[in-house]
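The structure appears right after this line, and notes come after that.
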Amino acid sequence: MRNPFKNIGPGALIAAAFIGPGTVTVCTLAGIKYGYTLLWAMTLSIIATIVLQETAARIGLVSQKGLSQVLRTQLPEGMLRKFILGLVLAAIVIGNAAYEGGNISGGVLGLQALGSSGIYSVGAVSINLYSLLIGGIAFVLLYIGNYKVLEKVFLVLVILMSLSFVITAILTKPDVLGLLKSSFIPSFPKDSILMIVALVGTTVVPYNLFLHASLVNQKWKNKADLPAARKDTIVAVILGGLVSMCVIIAASSLSGENIDSAAGLAQSLEPLYGSAARYCIGLGLFAAGITSAITAPLAAAYVAQGCLNLGHGLKSRNFRLIWMSILTVGVLLATFGIKPIQIIQFAQIANGILLPVIAGILIWLANQEDLLGIYRNSKVKNSISLIILAITLILGVRAILSVLGIL
């Protein structure tokens, strides 16, 4: 009997990486405030993500290198290369360390929605045991250092996350015709522009491009496998986008209510649709948190390894030191409820600059004959990529302006 999961690759990790607690929260707010009307923004983000992730995966498979390694070898020596590699390191390594606390905290909220708080008090200090549990699971999986193990675990978690949010959306008995219309016909409700940008921005994530390019050559070694890698990317991103849409659909059933998080969504849905809704949201949020808690340190380690030329391998000493440092920071932040506001703001600005820069560099790399040969971009792909570059520029500017308090 044919194994349907045989050709599943790093797409599962990428889908899990962009459906983090932040994405679930943004989709919750979009559904509560605007109902179905912004589903088209998720359709747009799915298309943009497929194009960028396919480009990164193609570069990674054909070159058999991570994206940061490709940047180090392809960019000319001098200030430009130092600036770009420095920007990549700052945005992804420092940024992921700052965001890691939020990833773990999101998983904690999911567990709390299922039952107890998990908080243990020692004198005046309160410690969240759930954050230690999530950090421990992430540590074990990363320390094993086996790509195939990660792939299987993430496949299970993505299925869990998908079923959780899909079932929740079905429980709310949505208007199917309304969903289809809103998914493909753009509309701009009053004061919705920032939310539209947020929905696209939470899906098009810079560190996923680096993670994908590094993981794809763990799965496939032959250029003939490019169609399989492309299919894996398309299926995974569409699945991830549909999961995000399901969160919007579930939240839209509570349109107009004062809810500011996915945990609040779980509590509000229970009286209307029974305890199944709370458990589904809780499990989905837990899966979203723990997957992001694993992929963020993993991506940062790959980036640092390539930018600093630290050697190769999931089990190398330097690789482990990097992800251990980021995971430790995240666990401490989540356990003691610390929010490093200034570091997060710095990371947001760095990522705002990085997104359009990397999108532009991806297009340039995808046209390099010495790098990709016959696998370089076609004219049609370049045209689509340039449109997406413009979108990433808007996202980047918005991220910077929001941090500076202008938006």
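The values are calculated or read from the model by the stated rules, or taken from the named source; none is laboratory data. Worth saying up front: this structure is predicted, and the values here are computed from it rather than measured. Every residue, glycine as well, gets a Cβ built from its backbone with ideal geometry; the counts of neighbours run over all protein chains shown. Side chains included, ligands, DNA and RNA excluded: accessible areas come from the protein's heavy atoms. Shrake-Rupley method; radii C 1.70, N 1.55, O 1.52, S 1.80 Å.
Could you please tell me which pairs satisfy a Cβ distance under 7 Å, a separation of 6+ or placement on different chains, a first residue in the range 171-189 that is under 26 Å from residue 266 (Cα atoms), and a second residue that is in a helix (DSSP H, G or I) and open to solvent by 40 Å² or more (accessible area, probe 1.4 Å)? From the range 171-189, the pairs are 171/273; 171/276; 172/273. Going by what's in this entry, would residue 382 be described as crowded, with 16+ Cβ neighbours inside 10 Å, more than 19 Å from residue 65 (Cβ to Cβ) and of a type outside the set (D, E, K, R)? Judged against the criteria, residue 382 is not a match.
Inside the range 368-379, can you point out the residues that are surrounded by 15 or more Cβ atoms within 10 Å (Cβ to Cβ) and not in a helix (DSSP H, G or I)? 368, 376, 377 - these are the residues of the range 368-379 that are surrounded by 15 or more Cβ atoms within 10 Å (Cβ to Cβ) and not in a helix (DSSP H, G or I). Please find, within the range 153-210, the residue that is surrounded by the most Cβ atoms within 10 Å (Cβ to Cβ) out of those that are more than 25 Å from residue 91 (Cα to Cα) and hydroxyl-bearing (Ser, Thr, Tyr). Among them, the one singled out is 168.
Restricting the range 295-352 to residues that are open to solvent by less than 30 Å² (accessible area, probe 1.4 Å) and of a type in the set (Phe, Trp, Tyr) leaves a set whose member that is nearest to residue 140 (Cα to Cα) is 323. Here the helices (runs of 4 or more DSSP H) wholly within the range 64-124 that include at least 3 residues being farther than 17 Å from residue 22 by Cα, open to solvent by less than 10 Å² (accessible area, probe 1.4 Å) and in contact (Cβ under 8 Å) with a residue 24 or more places away in the chain are 67-74.
Scanning the range 176-218 for residues that are outside any helix (DSSP H, G or I), more than 29 Å from residue 295 (Cβ to Cβ) and not basic (Lys, Arg) yields 185, 186, 187, 188, 189, 191, 192. Contact annotation: residue pairs with Cβ atoms under 6 Å, 6 or more positions apart or on different chains, pairing a residue in the range 129-158 that is in contact (Cβ under 8 Å) with a residue 60 or more places away in the chain and within 20 Å of residue 111 (Cα to Cα) with a partner that is among the polar types (S, T, N, Q) and assigned to a helix (DSSP H, G or I), are 131/335; 157/291.
Quick check, is residue 44 open to solvent by less than 10 Å² (accessible area, probe 1.4 Å) and among the aliphatic types (A, V, I, L, M)? Here the answer is no, as residue 44 does not meet what is asked.
Might you let me know whether the range 260-275 holds any residue that is part of a helix (DSSP H, G or I), more than 17 Å from residue 22 (Cβ to Cβ), open to solvent by less than 40 Å² (accessible area, probe 1.4 Å) and modelled with pLDDT of 85 or more? For the range 260-275, residues part of a helix (DSSP H, G or I), more than 17 Å from residue 22 (Cβ to Cβ), open to solvent by less than 40 Å² (accessible area, probe 1.4 Å) and modelled with pLDDT of 85 or more: absent.
Only one of the numbered conditions (1) open to solvent by 20 Å² or more (accessible area, probe 1.4 Å); (2) part of a helix (DSSP H, G or I) is not met by residue 247, and that is (1).
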